[in-house]
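Data first, discussion second: the structure below is written as structure tokens.
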Amino acid sequence: MTLPATPITTDGAAPGRPIHAVARELAASSGFLLARLGFGFKAKAMAAADDAGVEVYDYSVLAILDEGVRATQATIADALTIDPSRLVAVLDSLEQRDLVVRQRDPHDRRRHVVSITAAGRKELARLRAMVQGLEEQFFAPLDHASRATLHELLVRLAEQNDPRCCPFDDVDAAI
């Protein structure tokens, strides 16, 4: 099935080219749609991060640290499901820009405790605005009530499938 040409593309196709639809069976699959939309949003976030001159993980790391938890490199890597050696490179970049500081854990000298700096909080505010803009654009077809319902359903799925995504006591705190 071919849909009319559109100026909006998510796959890098040239504007004006026809969009070829996936099989109806795939479009009827909630898992397929969730994965496809997730990949699409991630691609937009990665492009926006690249345009802003930051790494895609910068926002996640700074957001974790801003919650005031004594985070070690290992706990950050686990929360984000990122390879620890990859996280070291992200932290090196953040540290070079004075957005975070790493110190030896006084209780365990083998570990590093990571903290956000004032400059890191300022950068986090800029990244939050960028992500909020992406979300506004992505979720534009949904009204506020539909967005809240979708978020509640996603939290319920996350509670079952990836509890790391559910650090709040209740769903209302996440909206």
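The values are calculated or read from the model by the stated rules, or taken from the named source; none is laboratory data. From a predicted model like this one, the values you see are computed outputs, not experimental measurements. We place every Cβ from the backbone using ideal geometry, glycine too, and count neighbours over all the protein chains shown.
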Problem set entry | Among residues of the stretch 138-166, those that are exposed (fewer than 12 other Cβ atoms within 10 Å of the Cβ), under 15 Å from the mean Cα position of the chain (by Cα) and over 26 Å from ASP78 (Cα atoms), counted | 0
Exercise. Which of the residues spanning the stretch 68-97 are exposed (fewer than 15 other Cβ atoms within 10 Å of the Cβ) and in contact with a Pro (Cβ under 8 Å, 6 or more places away or on another chain)?
Worked result: ALA74
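May I ask you to say which residue of ASP66, ASP78 is within 27 Å of ALA158 (Cα to Cα), modelled with pLDDT of 95 or more and among the acidic types (Asp, Glu)?
Details: ASP78 fails: modelled with pLDDT of 95 or more.
The unique qualifying residue is ASP66.
This table checks each residue for (1) out of contact with any Phe, Trp or Tyr (no Cβ under 7 Å at 6 or more places or on another chain); (2) within 22 Å of LYS42 (Cβ to Cβ); (3) not β-branched (Val, Ile, Thr).
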{"residue": "ASP92", "(1), (2), (3)": "yes, no, yes"}
{"residue": "GLN96", "(1), (2), (3)": "yes, no, yes"}
{"residue": "HIS107", "(1), (2), (3)": "yes, no, yes"}
{"residue": "ARG110", "(1), (2), (3)": "yes, no, yes"}
{"residue": "GLY120", "(1), (2), (3)": "yes, no, yes"}
{"residue": "ARG128", "(1), (2), (3)": "yes, yes, yes"}
{"residue": "ARG147", "(1), (2), (3)": "no, yes, yes"}
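Hey, can you tell me all the residues within the stretch 51-63 that are in contact with a helix residue (DSSP H, G or I) (Cβ under 8 Å, 6 or more places away or on another chain), surrounded by fewer than 18 Cβ atoms within 10 Å (Cβ to Cβ) and not polar (S, T, N, Q)? Give the steps one after another, and end with the answer.
Kept after step one, since they are in contact with a helix residue (DSSP H, G or I) (Cβ under 8 Å, 6 or more places away or on another chain), are these residues of the stretch 51-63: 52, 54-63.
With the extra rule that they be surrounded by fewer than 18 Cβ atoms within 10 Å (Cβ to Cβ), the set shrinks to 52, 55-56, 60, 63.
Within the stretch 51-63, ALA52, GLU55, VAL56, ALA63 meet the criteria.
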Exercise. Tell me, which residue of the stretch 44-97 that is part of a helix (DSSP H, G or I) and among the polar types (S, T, N, Q) is farthest from the chain's Cα centre (by Cα)?
Worked result: GLN96
Problem set entry | Selection count where residues are within 18 Å of ARG110 (Cα to Cα) and among the aliphatic types (A, V, I, L, M), scope the stretch 68-88 | 6
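Any chance you could count how many residues in the stretch 98-110 are exposed (fewer than 11 other Cβ atoms within 10 Å of the Cβ) and either assigned to a strand (DSSP E or B) or touching a residue at least 40 places away in the same chain (Cβ under 8 Å) (or both)?
First, pick out the residues of the stretch 98-110 that are exposed (fewer than 11 other Cβ atoms within 10 Å of the Cβ): 103, 106-110.
Right, trim to either assigned to a strand (DSSP E or B) or touching a residue at least 40 places away in the same chain (Cβ under 8 Å) (or both) and you get 103, 108-110.
Going through the stretch 98-110 one residue at a time, the tally reaches 4.
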For this session: Please enumerate the residues belonging to the stretch 8-28 that are modelled with pLDDT of 95 or more and either of a type in the set (Phe, Trp, Tyr) or surrounded by 14 or more Cβ atoms within 10 Å (Cβ to Cβ) (or both).
Result: none
